[in-house]
Amino acid sequence: MAGKKAERKQEKRMPGRRCLSVWLGGSCGVLALGLWHLLDVRAGVLETGDGFLYGWYGALMVFAALVLAAVGYLFLVRRDFGLARIFPATAMGIGLMYMVVLPPLSAPDEVSHYISAYQLSSWLMGKPARTEDERVFIRAQDVFIEDLTGIMDYETMEDGAKTAVVLGQKLEEGTFRTIKERGLQSTGEDGTVMSYQMPVRTTPLAYVPQAMGIALGRMLGLGGLGLLFLGRLFNLMFFTAMGCLTIRRMPFGKEAAAGVSLLPMTLHLAASFSYDVMIIALSGYFAAVCLDLAYRAEHVRVRDVAVLALVMAVMGPCKMVYGVIAGFCLLIPVRKFGGWGKWSLSAASVLGAFGAAMAVVNHRTVSLYTQADQGYVAWAGETGYTFGQLLHSPVLVLKMCYNTLAWQGEQLYSGMIGGALGNMDAVLNTPYVVILGLTAILVMLALRKPGESIFIQWKGRLWIWFLCLVCLGALMFSMLLAWTPASSHVINGVQGRYLLPLLPIFLLSLKNDKVVRTDWDDRGLLFAMAAMDIYVVLRLFSLVCLRV
C-alpha cells in the first residue's frame, strides 16, 4: 500500500511531454526575446556611456531565468503543490523584478503615497510626524527623493514658480544612474526638514505595510533609497500574503483569482507604495469570504461577520466607491445566518463598520464635495461640476459616461491589464499582443472545465454584474465631480487599474454550462502568464535604457 502511494505521488511530480514543452518553450522564448532587447540596452550604453547597465541587465536576465525555472517547476512538475503554496513564490519573484525595473516613485501618485507612509512611520517610531499645516517631517538626507535638482527652498516653500524633479516620476536612463550613484546606504546627514509633498487624506491603515518598511530602514540607518525599497518590499509582501489567503478561502475559481493577481498592472502596483494594493488585496479577500460562505460553508459564524466588517472598515475609506462590494454579502442565503434576525444584525455590523470608518476618515472630503456652491478643478484651472448640478442633471451624467466608454473604453481595458505602466507612461507599456494573450488566459481560467460544477446561478451572476456596473458608475461619477472640468466631453481621471478589484469575481460570473474548456491545463496557463510578465519586465528595462 505504501509503495502504491509513493508511485502515485511520484506520478504527480513527473511532467508530461506537453508540460515539458510548455516549460522549455516558454522559458527559451522569453530569454531569447531578452537577448534581443540587449540590443536596446547596448544602444543606451553607447549613447550615455553608462556601462553598468550591461551588468544590471545581465543580473536581471539571470534572475529571470531562475524565476522561470522555479515557477515552471512549481506549476508544471509539482502537481502535489496546491496553488496557495505556489502563488507566493510566483508573486514575490516577479514582483521583485517589477520593483527594481520600475524604481521607486514611478507608479501613479506614488510620491503622495510615499510621503503618507513616511508620516505613519514617524508615528510608529514615536517621532514628530508633521506640522500644523500637515506638512510632513523627513530626514534631511531624504530630500533628494522629491527634489533631485535641489531647487526647492525647504525653509519657506512659498515660491509656487519652483517645480522640483521627483525621483522616478519620469522614468528614464538617468533614473538608473541616480540610483547607482546614491546607493542604499545613509549619507550621514543629520537633521530634519519639511517635505513639500502633501500626504493623502485617507485612513492611515492603508499605509501600515509601507510604513513598517520605512521604519525598519530608518532604524537600520539606511539612506533614502533604502527606505524606498524596503517600503515597497513590505507592500509587496502584504499583497502576496493576502493573495495567498484569498486563494485558500476561495471555494472555486482559485486560478482566475491568481491570474488577476499576476497581471502586469497588478504586480506593478503591488511592488509600489500605492494604497491600491490595500484595495485590491482586501476586495479580493472580501469576495472570497462571501463566495465561501455562500457556496461552501454550512453556516455563517460570528468571526466571519467580524472579518467582513473589518475588511470594509479598513478598505472603505481608501476609495469610498468600493463600498458597493458589500453587496456581495447578499449572495449568502439567509438560512446560513440562522434567520432574518441574525442576518439583519450581521448586515448592520458590516455596513455600520463601513459607515463609521467613512464618518471618521472621509467626512471632510464628503462635506467638501456635497456642500460646494461652485466646482473647481485645480489641475485644469477651470470650473468643474458641483454635486448638486450632477444630481439634477442625470442626462448629462449618462452622456459623459457614455462618451467616456465609447472614446476611452479600449484605453481603460488595456490600462487594467498593463497598457501604460510607470506613472501612466504610454511608452512603458505592455505590448498589445501580450495584453490580448493575458486576456485570453484570464477568460480560459474562468471557463468551466469538464465535470466541474456551476455554483453561481443566473440570479447570482446578474447580481454580480449589477454591482460591478454600479461600482463602475460610482467611479465615473466621482471622477466627473472631482477631476473633470466643465469644458471636457469625457470624464477625466478614470483609469483601468480602478477595475482590478472587481475583475476576479466578474470573471467567476462568466462560468456557465454553455461554454466548456476542454483543452489547456490551468497550471500551464498560469505559467504562460508568468512568462509573459517576465518578458514585459525585460522589455521595460530596455525601454528605460533608450530614454536618455
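Counting only protein heavy atoms and using a 1.4 Å probe, what share of the accessible area of region 202-263 belongs to carbon plus sulfur, as a whole percent?
So the carbon and sulfur contribution to the accessible surface is 75 percent.
With all protein chains in place and a 1.4 Å probe, the accessible surface of region 374-505 carries 68 percent carbon and sulfur.
In the structure shown, the pairs LYS319/LYS449; LYS399/LYS514; LYS336/LYS511 are assessed against 31 Å; a Cα-Cα span above that value is assigned to LYS319/LYS449; LYS399/LYS514. By accessible area, using a 1.4 Å probe on protein heavy atoms only, region 112-152 has 52% of its surface on carbon and sulfur. The residues of region 98-231 expose on average 43 square angstrom of accessible surface per residue, using a 1.4 Å probe on protein heavy atoms.
Can you give the helix-only mean residue ellipticity at 222 nm for the chain, where every DSSP H stretch with n ≥ 4 adds -39500 (n - 2.57) and the sum goes over all residues, rounded to the nearest 500 deg cm²/dmol? The partial results should precede the final answer.
Working: 20 runs with 327 residues, N = 548.
Mean residue ellipticity, 222 nm, calculated: -20000 deg cm²/dmol.
Binning the alpha carbon pair distances of the chain at 20 angstrom intervals from zero yields the distribution 20, 54, 25, 2, 0, expressed in whole percent.
Within region 169-321, the proportion of Cα pairs with more than 24 Å between them is 45 percent.
Given the chain, what percent of its DSSP beta bridges are antiparallel, to the nearest 5?
Values: 9 of 10 bridges.
Rounded to the nearest five, the antiparallel share is 90 percent.
For GLY375, the amide hydrogen comes within under 5 Å of the amide hydrogens of GLY384, THR386, counting only partners 5 or more places away or on other chains and with H modelled in the peptide plane. Charge dipole (Cα centre; +1 on Lys/Arg Cβ, -1 on Asp/Glu Cβ; no other charges) of region 89-215 amounts to roughly 480 debye. For region 181-288, a simple Cβ point-charge model (Lys and Arg +1, Asp and Glu -1, everything else neutral) yields a dipole of about 340 debye relative to the Cα centre. Projected label points at ASP190 and PHE137, each 7 Å from Cα along the beta carbon direction, are separated by 1.5 nanometres.
With the simple model of a label 7 Å out from the Cα in the direction of the Cβ, ILE151 to ALA380 spans 2.7 nm. The length gained by stretching the chain between MET424 and GLU452 to full extension, at 0.36 nm per residue less their Cα-Cα distance, is 6.1 nm.
Take the Cβ atoms of TRP123 and ARG177, set R0 to 30 Å, and the FRET efficiency comes out at 0.30.
Which residues in region 123-144 have a backbone N closer than 14 Å to a point placed 7 Å from the Cα of ARG201 along the Cα-to-Cβ line? Hits in region 123-144 for ARG201 at 14 Å: 133-135. Solvent-accessible surface of region 330-413, averaged per residue with a 1.4 angstrom probe and all protein chains in place: 65 square angstrom. The residue among THR240, GLY524, SER112 whose Cα reaches farthest toward the positive pole of the charge dipole of the chain, with charges on the beta-carbon of Lys, Arg, Asp and Glu, is GLY524. Placing dummy labels 7 Å off each Cα toward the beta-carbon, the span from TRP36 to TRP340 is 6.4 nm.
Of all aspartates and glutamates in the structure, those lying under 15 Å Cα to Cα from LYS180, and not within fewer than 8 positions of it along the same chain, are ASP50, GLU172.
The values are calculated or read from the model by the stated rules, or taken from the named source; none is laboratory data. Computed from a predicted structure; not experimentally measured. Positions of Cβ are backbone-derived with ideal geometry, glycine not excepted, and every protein chain shown enters the neighbour counts. Heavy atoms of the whole protein, side chains included, go into the accessibility calculation; ligands, DNA and RNA do not. Shrake-Rupley method; radii C 1.70, N 1.55, O 1.52, S 1.80 Å.
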